[in-house]
């Protein structure tokens with residue numbers, strides 16, 4: 001009953017463009033109903049409507065990670081559609097010169113390890129690299145790892161995902177990608193000439209995992 005009431009009020013406030021009131025109400029509501037997508041959805045719509053694009057993108061990534069970690073599944077399709085709107089509107093909002101763009105692109109550390117990204121970004125890269133692999137006759141391998149003792153209990157096996165991320169990233173090259181599909185499942189996209197090379201990467205990660 002509480003959630004239904006909040007959703008109706010959110011819809012009303014949104015149609016009346018009373019975004020600040022709606023966002024404040026939703027923020028307070030998610031403290032009680034943390035995993036209700038509808039409340040988070042209207043909060044994100046408020047961020048988009050008020051053009052807080054950076055905050056909306058950050059909120060999406062953090063929320064998606066929480067849902068993956070706690071529920072084992074990411075956000076629903078409507079969040080993905082809202083994410084695409086944010087990206088498109090944000091691109092229209094900002095106009096940058098080449099000097100600024102080059103400075104921002106060069107500001108990130110060029111570490112010799114795999115690149116970790118959110119699952120949504122990973123899917124974009126996957127689609128792009130799939131097309132490139134067909135055109136250039138280049139091989140990419142998709143690898144899913146499972147860190148588990150059979151109970152899917154990270155605490156029991158003494159792991160947290162930050163540690164897994166560091167471990168996996170250090171075993172990959174800078175042109176390899178990885179993300180996670182759940183708290184215990186990293187997903188890798190690696191550039192390899194042969195399947196044997198992909199198995200070597202898996203073996204390298206496994207050896208490092210059991211050596212620490």
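The values are calculated or read from the model by the stated rules, or taken from the named source; none is laboratory data. Everything numeric in this text was worked out from a predicted model, so none of it was measured. Ideal geometry is used to build each Cβ from the backbone, glycine not excepted, and the neighbour counts take in all protein chains shown.
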- Query: Which pairs have Cβ atoms under 8 Å, sit 6 or more apart or on different chains, and link a residue in the stretch 1-22 that is closer than 15 Å to residue 50 by Cβ to one that is not in a helix (DSSP H, G or I)?
  - Reply: 19/50; 20/50
- Task: Return only the number of the condition from (1) under 19 Å from the mean Cα position of the chain (by Cα); (2) assigned to a helix (DSSP H, G or I); (3) surrounded by 15 or more Cβ atoms within 10 Å (Cβ to Cβ) that residue 10 does not satisfy.
- Result: (1)
- Message: Can you say whether residue 23 is under 29 Å from residue 182 (Cβ atoms), buried (at least 16 other Cβ atoms within 10 Å of the Cβ) and at pLDDT 85 or above, as far as the supplied structure shows?
- Response: no
- Message: I need the full set of residues from the stretch 138-161 which are exposed (fewer than 12 other Cβ atoms within 10 Å of the Cβ), modelled with pLDDT of 80 or more and in a loop (DSSP other than H, G, I, E, B), in order please.
- Response: 146
- Task: Consider only pairs whose beta carbons are under 7 Å apart and that are at least six residues apart or on different chains; among these, list those whose first residue lies in the stretch 116-129 and is within 15 Å of residue 84 (Cβ to Cβ) and whose second residue is in a loop (DSSP other than H, G, I, E, B).
- Result: 119/74
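State whether the residues of the stretch 119-136 include one that is assigned to a loop (DSSP other than H, G, I, E, B) and modelled with pLDDT under 85. Give the steps one after another, and end with the answer.
Our first condition is that a residue be assigned to a loop (DSSP other than H, G, I, E, B); within the stretch 119-136, this holds for none.
Within the stretch 119-136, not a single residue is assigned to a loop (DSSP other than H, G, I, E, B) and modelled with pLDDT under 85.
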- Query: Got at least one residue in the stretch 37-49 being surrounded by 13 or more Cβ atoms within 10 Å (Cβ to Cβ), over 21 Å from residue 87 (Cβ atoms) and touching a helix residue (DSSP H, G or I) at 6+ places or on another chain (Cβ under 9 Å)?
  - Reply: yes
- Task: Could you check how many residues of the stretch 61-72 are touching a residue at least 40 places away in the same chain (Cβ under 8 Å) and buried (at least 19 other Cβ atoms within 10 Å of the Cβ)?
- Result: 2
- Is one or more of the residues making up the stretch 85-100 within 30 Å of residue 38 (Cβ to Cβ), under 17 Å from the mean Cα position of the chain (by Cα), surrounded by 14 or more Cβ atoms within 10 Å (Cβ to Cβ) and at pLDDT below 75? no
- Message: Just to be sure I understand, how many residues within the stretch 173-196 are touching a strand residue (DSSP E or B) at 6+ places or on another chain (Cβ under 8 Å) and surrounded by fewer than 20 Cβ atoms within 10 Å (Cβ to Cβ)?
- Response: 9
